[in-house]
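Encoded as structure tokens, the structure appears first; notes follow it.
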Amino acid sequence: MADANRRLKTLAISDSGFIFDPSTGQTFTTNETGLDIFRMLKEEKSLKEITLFIENQYDVDEDIALRDVTQFLSQLKTYRLIDGF
Amino acid sequence: MRELHVAVTGLSATDNPAPGVAVIRSLREQPGWCGRIIGLAYDAYEPGIFDPRLVDAVYLLPYPSAGKEAVLQRLDEILQRERIDVLLPTLDSELSSFSQAAQQLAARGIRTFLPTEDQLKRRSKANLAALAKDLGLRVPESAAVTDFRSAEKAADEIGFPLMVKGLFYEAYRAANSSELFAAMQALVTRWGYPVILQEYVPGEEYNLAGLGDGKGGIVSAVCMKKVSVTDRGKGWAGVSIVNEQLTDVARAFVKALQWRGGFELEMLMSDKEELNLIEINPRFPAWIYLTTACGINLPYAYCLLASGEQPRMPQEYEPGILFVRCTTDLIARVKQIEDLLTRREIHY
């Protein structure tokens, strides 16, 4: 199956948070925060950059931001939407 | 477009539908379609018989088990009333007979574009593992069994849970010996032996419908992912997907066998990310109308191939187009049943 990075690039992500993978037919939904993270992943931002964004956007401590972002990315890995991180 | 009179089988549109209705819809929706659709049915209550939007006439055929000559004799009777330019069979159980009779059909003016007997055998369930090896694919471990004792032995080797499949139709999942024997009982009663036992591989299923040009090339193909299934595991809704890995398998299959005609690949991406070949159906699937909805009218392309023409079909299509099956009631009159049971034909 298409490697995960390639999958991420081909995902159809709508502003409503609906995500469609045209290579597998899988669908997902995410919230506004998740959409922000997807956008940054597509821009190939690093974990550090994504965490910093969340810290600033939601005015949370670094360790909370890192925990939440890592949890989200772990979920994406489970669905094979990303590789690495 | 010149007028085409096409005979189509497989009008059973139940919760386990045959492809005939979807094929006919595809033909009727080809821009500029000009022709006549003759339904060929085996049972008077096949639902597609009763939709005058689909068929212009329907004739009952003897079951394939009656033999090729009985079917040809019936076709000769039908040809007294109808012109048939192309025959598009859609059922596994009749394909071998029609394939063997291709020349006799052609002599009657009925053209087909069907796989040869050798091609049918090479992709059969019993020979799938060998073909998959040639294609560099994994196939779930399988065994063809002809009695309960050998089934028990094969199940010990394969391990539970496993899939229990009829030679042509139906599959059950068996978690233990009791379920294995119950499944075998059901399958043998309806379809006889052999029964195929297959390793159960957890993962995601994918389907592909395509058309081989008989020269190793693929006219076109569409991939699909089921998004809703019935309690019998039949797809009730599916979405078009674009997946090069699946399409590469189709190209390799068509090239290796020089496949003639329609086909469906059933594949499974295991949880270990291995692509498995589950089954190759030697005809269009019941969801074939989705290919038409994607702009790739494979049933019509089949008719062109059968007529000696080279179809030009798009290779690309849009992912995210869904088919969603819908149950509806057709209204008929008992007079139609009378006509089918006594005269064995019905006209609209």
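The values are calculated or read from the model by the stated rules, or taken from the named source; none is laboratory data. Since this is a predicted model, take the numbers as computed values, not measurements. Methodologically, a virtual Cβ is constructed for each residue, glycine included, from the backbone with ideal geometry; neighbour enumeration extends over all protein chains shown.
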Selection within region B:222-242 - under 21 Å from residue B:123 (Cβ atoms) and surrounded by 23 or more Cβ atoms within 10 Å (Cβ to Cβ): B:222, B:223, B:224
task: Find all pairs meeting these conditions: Cβ atoms under 6 angstrom apart; at least six residues apart or on different chains; first residue within region B:304-332 and more than 14 Å from every other protein chain (Cβ to nearest Cβ); second residue part of a loop (DSSP other than H, G, I, E, B).
output: B:304/B:311; B:305/B:113; B:306/B:112; B:306/B:113; B:313/B:296; B:314/B:295; B:314/B:296; B:330/B:51
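When you look at residue B:217, is it out of contact with any Gly (no Cβ under 7 Å at 6 or more places or on another chain) and not assigned by TED's automatic domain parsing to the domain that holds residue B:238, yes or no?
Numbers: out of contact with any Gly (no Cβ under 7 Å at 6 or more places or on another chain): yes; not assigned by TED's automatic domain parsing to the domain that holds residue B:238: no.
Answer is no for this residue.
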query: Taking only pairs six or more apart or across chains, which ones have beta-carbon atoms under 6 Å, a first residue in region A:26-53 that is without any contact (Cβ under 8 Å) to a residue 24 or more places away in the chain, and a second residue that is assigned to a strand (DSSP E or B)?
result: A:27/A:20; A:29/A:18
message: Quick test for you: out of B:183, B:171, pick the one residue that is touching a residue at least 40 places away in the same chain (Cβ under 8 Å) and more than 14 Å from chain A (Cβ to nearest Cβ).
response: B:171
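Yes or no, residue by residue, for (1) modelled with pLDDT under 95; (2) within 21 Å of the chain's Cα centre (by Cα); (3) more than 29 Å from residue B:65 (Cβ to Cβ); (4) in a loop (DSSP other than H, G, I, E, B):
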residue	(1), (2), (3), (4)
B:134	yes, no, yes, no
B:143	yes, no, no, no
B:149	yes, no, no, no
B:169	yes, yes, no, yes
B:172	yes, yes, no, no
B:181	yes, no, no, no
B:186	yes, no, no, no
B:190	yes, yes, no, no
B:193	yes, yes, no, yes
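Every residue, every condition in (1) free of Cβ contacts under 8 Å to residues at least 40 places away in the same chain; (2) in contact with a Pro (Cβ under 8 Å, 6 or more places away or on another chain); (3) surrounded by fewer than 16 Cβ atoms within 10 Å (Cβ to Cβ), yes or no:
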residue: B:9; (1), (2), (3): no, yes, no
residue: B:32; (1), (2), (3): yes, no, yes
residue: B:39; (1), (2), (3): yes, no, no
residue: B:49; (1), (2), (3): no, no, no
residue: B:70; (1), (2), (3): yes, yes, yes
residue: B:74; (1), (2), (3): yes, yes, no
residue: B:84; (1), (2), (3): no, no, no
residue: B:94; (1), (2), (3): no, yes, no
residue: B:101; (1), (2), (3): yes, no, no
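Residues are listed down the side, and each one gets a yes or a no for (1) crowded, with 22+ Cβ neighbours inside 10 Å; (2) touching a helix residue (DSSP H, G or I) at 6+ places or on another chain (Cβ under 9 Å); (3) under 14 Å from residue B:129 (Cα atoms):
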{"position": "B:247", "(1), (2), (3)": "no, no, no"}
{"position": "B:253", "(1), (2), (3)": "yes, yes, yes"}
{"position": "B:260", "(1), (2), (3)": "yes, yes, no"}
{"position": "B:263", "(1), (2), (3)": "yes, yes, no"}
{"position": "B:269", "(1), (2), (3)": "no, yes, no"}
{"position": "B:272", "(1), (2), (3)": "no, no, no"}
{"position": "B:276", "(1), (2), (3)": "no, yes, yes"}
{"position": "B:281", "(1), (2), (3)": "no, yes, no"}
{"position": "B:285", "(1), (2), (3)": "yes, yes, no"}
task: Please give the number of the condition residue B:188 fails out of (1) of a type in the set (Val, Ile, Thr); (2) within 22 Å of residue B:127 (Cα to Cα); (3) within 14 Å of chain A (Cβ to nearest Cβ).
output: (3)
message: Step by step: first the residues of region B:237-266, then only those that are in contact (Cβ under 8 Å) with a residue 60 or more places away in the chain and within 14 Å of another protein chain (Cβ to nearest Cβ), then the one that is nearest to residue B:283 (Cα to Cα). Which residue is that?
response: B:249
task: With the checklist (1) touching a residue at least 12 places away in the same chain (Cβ under 8 Å); (2) in a helix (DSSP H, G or I); (3) surrounded by 13 or more Cβ atoms within 10 Å (Cβ to Cβ) in hand, flag the one item residue A:57 doesn't pass.
output: (3)
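Return the total of residues in region A:1-47 being among the small types (Gly, Ala, Ser) and away from chain B (no Cβ under 13 Å).
Qualifying residue count for the region: 4.
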field: For residue B:233: the one exception among (1) more than 30 Å from residue B:303 (Cα to Cα); (2) of a type outside the set (Lys, Arg); (3) part of a strand (DSSP E or B); (4) away from every other protein chain (no Cβ under 13 Å)
entry: (3)
- request: Scan region A:67-84 for residues that are over 11 Å from the mean Cα position of the chain (by Cα) and more than 14 Å from every other protein chain (Cβ to nearest Cβ) and jot them down.
  value: A:67, A:68, A:84
task: Would you be able to say whether some residue in region B:129-147 is surrounded by fewer than 18 Cβ atoms within 10 Å (Cβ to Cβ) and more than 27 Å from residue B:258 (Cα to Cα)?
output: yes
Complete set of residues in region B:318-348 that are surrounded by fewer than 20 Cβ atoms within 10 Å (Cβ to Cβ) and closer than 22 Å to residue B:208 by Cβ: B:318, B:320, B:321, B:322, B:324, B:325
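Given A:64, A:50, which one is away from chain B (no Cβ under 14 Å) and more than 12 Å from the chain's Cα centre (by Cα)?
None of the other options fit; the residue is A:64.
Would region A:2-14 turn up any residue that is farther than 30 Å from residue B:294 by Cα and surrounded by fewer than 18 Cβ atoms within 10 Å (Cβ to Cβ)?
First, the residues of region A:2-14 that are farther than 30 Å from residue B:294 by Cα: none.
So far as region A:2-14 goes, no, none of its residues is farther than 30 Å from residue B:294 by Cα and surrounded by fewer than 18 Cβ atoms within 10 Å (Cβ to Cβ).
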